[in-house]
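Below is one structure, written out as structure tokens; the observations come after it.
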Amino acid sequence: MTTHHESVDVLAIGAHPDDVELGCGGLLAKLSSEGKRIAILDLTRGELSTRGTPDERHAESEHAAAILGLCARENAGLPDGGLSNTPEQRLAVIPFIRRFRPKVVLTLMTPDRHPDHEAAHYLGRDACFLSGLMRIDTGQEPFRPERIYYFHPYLDAAASPFGIVDISGFFPKKLASIGAHKTQFYNPDDRSAGTYISSLEFWESIEHRARFWGRRIGVCHGEALYSEGPVSLSTLPGL
Ligand SMILES: [Zn+2]
């Protein structure tokens, strides 16, 4: 029997090396504290960022991975600003899905005004499906994840989430994992060009957003999850 040493419970796929932290960092911190095996795949190195070099961003990603308790974090090396749901790019993603064999994949929700986020949604979704096809040969066994859920990194543009995860108690870890990307976010000592996400307003909005979703379910902090179609429930939530 083949053993899969790298199998994970959850593979979270982002376009840039901070999307996952922003969208579901609290959930991942919570799951890893429960002993679940979690991996992140960043599709690009974020080389188009106004701030931070790819090397700096790699080091920051590793730091964030340690904070979240991940068992692996990989980068597909696809072009920042050039993500597209093409056969070539799907073929770059499939080997990671077959290697990690996740029970659940989390990736970006649509609509999103960032073209890479929008592309990553379809690229991640279609790569999960095609990864199950034997005749797409990567030298690995085919594997199709059972479930895909989606998150927004910051602009909650979709109509309504199917659920909100209670991340109370894990918000400090989420914030620390985001702050690990220190070239990207608010830093009063950084004199380089400001960006949308490096403003004090954006930094503060991270907690406002978590509190907003938390209030919707009567807890301190929450993260919204989306799905394509209904989600299967094995029992009545709340029992
Ligand atoms: Zn992004």
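Brief remarks follow.
- With contacts taken as Cα pairs under 8 Å at a separation of at least 6 residues, the chain carries a relative contact order of 23 percent.
- Grouping the Cα pair distances of region 41-176 into 5 Å bins from zero gives a pair-distance distribution of 2, 9, 17, 20, 22, 18, 9, 3, 0, 0 percent in increasing distance order.
- The residues packed around L108, meaning those with a beta-carbon under 9 Å from its beta-carbon, carry a net charge of -4 if Lys and Arg are +1 and Asp and Glu are -1.
- Net charge of neighbours whose Cβ lies under 9 Å from the Cβ of I164, counting Lys and Arg as +1 and Asp and Glu as -1: -1
- Most mobile of C128, C71, C24 in a GNM of the chain (Cα contacts under 10 Å): C71
- Probe 1.4 Å, protein heavy atoms only - accessible area per residue of the chain in square angstrom: 48 Å²
- Taking packing as the residue-averaged number of other Cβ atoms within 10 angstrom, the listed peptides 134-147, 99-112, 211-224 run from highest to lowest as 99-112, 211-224, 134-147.
- Of all accessible heavy-atom area on the chain, the percent that carbon and sulfur account for (1.4 Å): 55 percent
- When the convex hull of its Cα atoms is viewed from all sides, the chain shows a mean projected area of 13.5 nm².
- Here W203 and R147 are evaluated by their C-beta separation; at R0 = 30 Å the FRET efficiency comes out at 0.40.
- Highest GNM mean-square fluctuation among A59, A29, A176, for the chain modelled with Cα contacts below 10 Å: A59.
- Summed side-chain charge close to K174 - residues other than K174 whose Cβ falls under 10 Å, Lys, Arg +1, Asp, Glu -1: -1
- Rounded to the nearest 20 debye, the dipole size of the chain about its Cα centre is 660 debye, using +1 on the Cβ of Lys and Arg and -1 on the Cβ of Asp and Glu.
The values are calculated or read from the model by the stated rules, or taken from the named source; none is laboratory data. Note that the structure is predicted; figures quoted are calculated from it, not measured. So basically every Cβ, Gly included, is an ideal-geometry build from the backbone, and we count neighbours across all protein chains shown. Surface accessibility is based on the protein's heavy atoms, side chains included, excluding ligands, DNA and RNA. Shrake-Rupley method; radii C 1.70, N 1.55, O 1.52, S 1.80 Å.
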